[in-house]
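The values are calculated or read from the model by the stated rules, or taken from the named source; none is laboratory data. Every value quoted in this text rests on a predicted model; they were computed, and no experiment measured them. Cβ sites come from the backbone with ideal geometry, for glycine too, and all protein chains shown count toward neighbours. Ligands, DNA and RNA are excluded from the accessible area calculation, which covers all protein heavy atoms including side chains. Shrake-Rupley method; radii C 1.70, N 1.55, O 1.52, S 1.80 Å.
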Amino acid sequence: MTTVQDIFQYIDSFAPFQTQMSFDNCGLQAGDPQAEVHSVLLALDITPAVVEEAVQKNAQLIVSHHPVIFNPLRTLTADTVPYQLARHGIAAICAHTNLDLAPGGVNSCLAERLMLTDVRPLALDVPSGLAAALCGQTTRSFSPSEFAAFVKKQLNCDGLFYTDGGRPIRKVGLCSGAGSEYLEDAAINGCQAFVTGEAKHHELLNAENFGITLVVAGHYFTEDVVIDPLMERLEKQFQDVIFQRAQASHCPAAYL
């Protein structure tokens with residue numbers, strides 16, 4: 001018999017929850033740790049639609065990347081996800097920055113999807129000593145526009161934008177999600193490109209000044225790369241449990 005606690009402890013073994021960044025809120029956020037688990041849904045975000053899908057598929061647990069409770073709750077009304085989880089007796093384990101930082105976690109999966117080799121830390125998270133951003137070598141030389149098109153194809157994203165660094169690309173830095181704060185680290189370490197999910201206007205200007213092709217591929221698309229590898233890992237460990245990717249999980253942004 002597999003329990004919620006068993007799955008929590010297994011995730012903790014390769015992405016320790018204690019390594020989460022100070023602003024974060026990871027871990028078991030809803031449910032009974034001793035509850036028996038036969039079916040699990042995986043999603044980047046736990047939305048009302050994902051909870052409803054879990055109900056329809058008789059899932060006892062949802063494993064997500066983004067926390068369902070991030071800030072302290074001031075109300076708990078029927079239209080909120082925490083209320084809906086409790087109402088249906090569905091547990092929620094949220095592995096956020098602990099999974100970003102972990103070897104084999106979100107950033108590692110992003111580097112693998114971009115086919116980078118000789119992958120190594122670009123910047124460290126000081127409290128944990130783990131890699132907060134990575135860098136690696138491309139399989140061939142790309143022009144800025146070629147590399148942006150390659151990222152779009154590899155991440156299967158609906159759209160992206162980029163700055164033209166004006167030079168061939170062989171070394172790439174990356175940080176999934178909102179990782180543009182590591183752009184300067186990429187410049188210092190000789191990267192010709194940097195891939196992340198979000199960037200502000202002044203960061204685009206900084207990228208131009210650094211001569212870096214900054215590819216902004218969307219928060220969802222740079223992090224969703226972890227879901228299938230995580231599901232495969234869980235399937236191998238818990239062969240008596242059914243794991244499924246939530247079909248309701250999607251990028252909330254529409255592109256023209």
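Here are the numbers:
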item: In Hz, Karplus ³J(HN,Hα) per residue of the range 239-254 (6.51, -1.76, 1.60; θ = phi - 60°; x = Gly, Pro); result: 6, 8, 10, 8, 10, 9, 6, 5, 6, 7, 6, 7, 6, x, 8, 9
item: Charge dipole (debye, nearest 20) of the chain; +1 at Cβ of Lys and Arg, -1 at Cβ of Asp and Glu; result: 460
item: GNM flexibility winner over the chain from GLN20, GLN239, GLN192 (Cα, springs under 10 Å); result: GLN239
item: Environment charge of THR80, counting only residues whose C-beta is closer than 11 Å and scoring Lys/Arg +1, Asp/Glu -1; result: +1
item: For Rg and Dmax of the Cα atoms in Å, calculated from these coordinates, the label among (1) 17.4, 53; (2) 17.3, 57; (3) 18.8, 57; result: (3)
item: For the chain, built as a Gaussian network whose Cα springs stay under 10 Å, the top-fluctuating residue of ALA30, ALA193, ALA92; result: ALA30
item: Cut-off under 5 Å, modelled amide H: who pairs with LEU124 long-range; result: ALA132
item: Relative contact order (percent, whole number), the chain, Cα cutoff 8 Å, 6+ residue spacing; result: 20
item: Heavy atoms of GLU36: accessible area, 1.4 Å probe, square angstrom to 10; result: 80
item: Cβ-based net charge around GLY218, under 12 Å, with every Lys or Arg adding one and every Asp or Glu removing one; result: -3
item: Net +/- balance of residues flanking GLN5 in space, Cβ distance below 14 Å, scoring K and R +1, D and E -1; result: -4
item: Heavy-atom accessible area ranking, 1.4 Å probe, most first, across LYS171, LYS200, LYS153; result: LYS153, LYS200, LYS171
item: Extension gain, GLU184 back to ASP79 (0.36 nm per residue minus Cα-Cα distance, nm); result: 33.6 nm
item: Heavy-atom accessible area order for LEU204, LEU174, largest first, 1.4 Å probe; result: LEU204, LEU174
item: Low-density loop positions, chymotrypsin sites (Phe, Trp or Tyr not before Pro), the range 8-65 - DSSP coil, at most 14 other Cβ in 10 Å; result: PHE23
item: Distance between modelled label sites at ARG170 and MET1, nm, 7 Å Cα→Cβ extension; result: 6.0
item: Computed E for LEU205/GLU235 - FRET, C-beta separation, R0 41 angstrom, nearest 0.05; result: 0.35
item: Fraction of accessible area attributable to carbon and sulfur, the range 167-245 (%, probe 1.4 Å); result: 46
item: Residue-normalised accessible area of the chain, expressed per residue, 1.4 Å probe, Å²; result: 47
item: Shape call, the range 1-67: gyration tensor on alpha carbons, a/c limit 1.5; result: oblate
item: DSSP-loop trypsin sites (Lys or Arg not before Pro) across the range 23-108, with at most 12 other Cβ within 10 angstrom; result: ARG74
